[in-house]
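This report concerns only the one structure given below.
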Amino acid sequence: MHASIVILGLFFCFHNAAAQKGLQCFVPGECLDSQILGATPTNTSRECWHHCQSVTGCTWFTFYKDSQICTPLSGCLRLSNEKCQDNCISGEEECPEVQCGVHGRCYGALEGIRRVANAKECATICKHRQECFWNTYDPEHEACLMTNDCPLLDRTCSNCSSSERDCSAEMEANMSN
């Protein structure tokens, strides 16, 4: 009886930890111990994600930057960065086309930092900078961090909000309604 309670407790701890992780989109690492549904050449991780959406049974993908190979997967039992370092990007098939207002601070190739009043101002500045593809608004420091990419999302910044450059049009439309 005691062993059953312990196992049940471990199940709920694991289930809650997995549920709190949320949707994982374009994160560093490769999915291991998963069924590969093929291997197709693609130029970018976004093309790989689109390819995954067209493959029956695909719920995850891993894109290998150096070989430009996309592997659609039936799941992702283990996400690891041990072997591929910065060479692999993985994500879920359910990810949105453009990521807007994602909780956390984006760490990527830094293109600039500005002091701003709000997330809308941060998005507008990023939109007008050719090299900015991601922005993070940190309200605690009234800071706008602009990056070229977002290979790592630090979710410990509890008030930070990160968005892709294409979100600025969405924000403007929402503000005018």
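For the stretch 27-92, rounded, prolate or oblate, judged on the Cα gyration tensor with a ≥ b ≥ c (square roots of eigenvalues), a/c < 1.5 rounded, else prolate if a/b > b/c?
oblate
Trp60's amide H: which non-local residues (gap 5+, or another chain) put their own amide H closer than 5 Å, with H modeled 1.01 Å from N in plane and none for Pro or chain starts?
HN-HN under 5 Å from Trp60: Leu73, Gly75, Glu93.
Using the Karplus curve 6.51 cos²θ - 1.76 cosθ + 1.60 with θ = phi - 60°, what ³J(HN,Hα) values do you get for each residue of the stretch 57-65, in whole Hz, with x for Gly and Pro?
Couplings: x, 6, 10, 9, 9, 10, 10, 9, 4 Hz.
How far is the Cα center of the stretch 91-133 from the Cα center of the stretch 65-87, in Å?
Distance between centres, Cα-based: 24 Å.
Relative contact order (percent) for the stretch 102-164, with alpha-carbon contacts under 8 angstrom and 6 or more residues of separation?
Here the relative contact order equals 49 percent.
Given N residues in the stretch 88-156, what is Rg(Cα) / (2.2 N^0.38 Å)?
In units of the 2.2 N^0.38 Å rule of thumb, it is 1.09.
Values quoted throughout were computed directly from the atomic coordinates according to the rules given, and no laboratory measurement underlies them. All values reported here derive from a predicted model rather than from experimental measurement.
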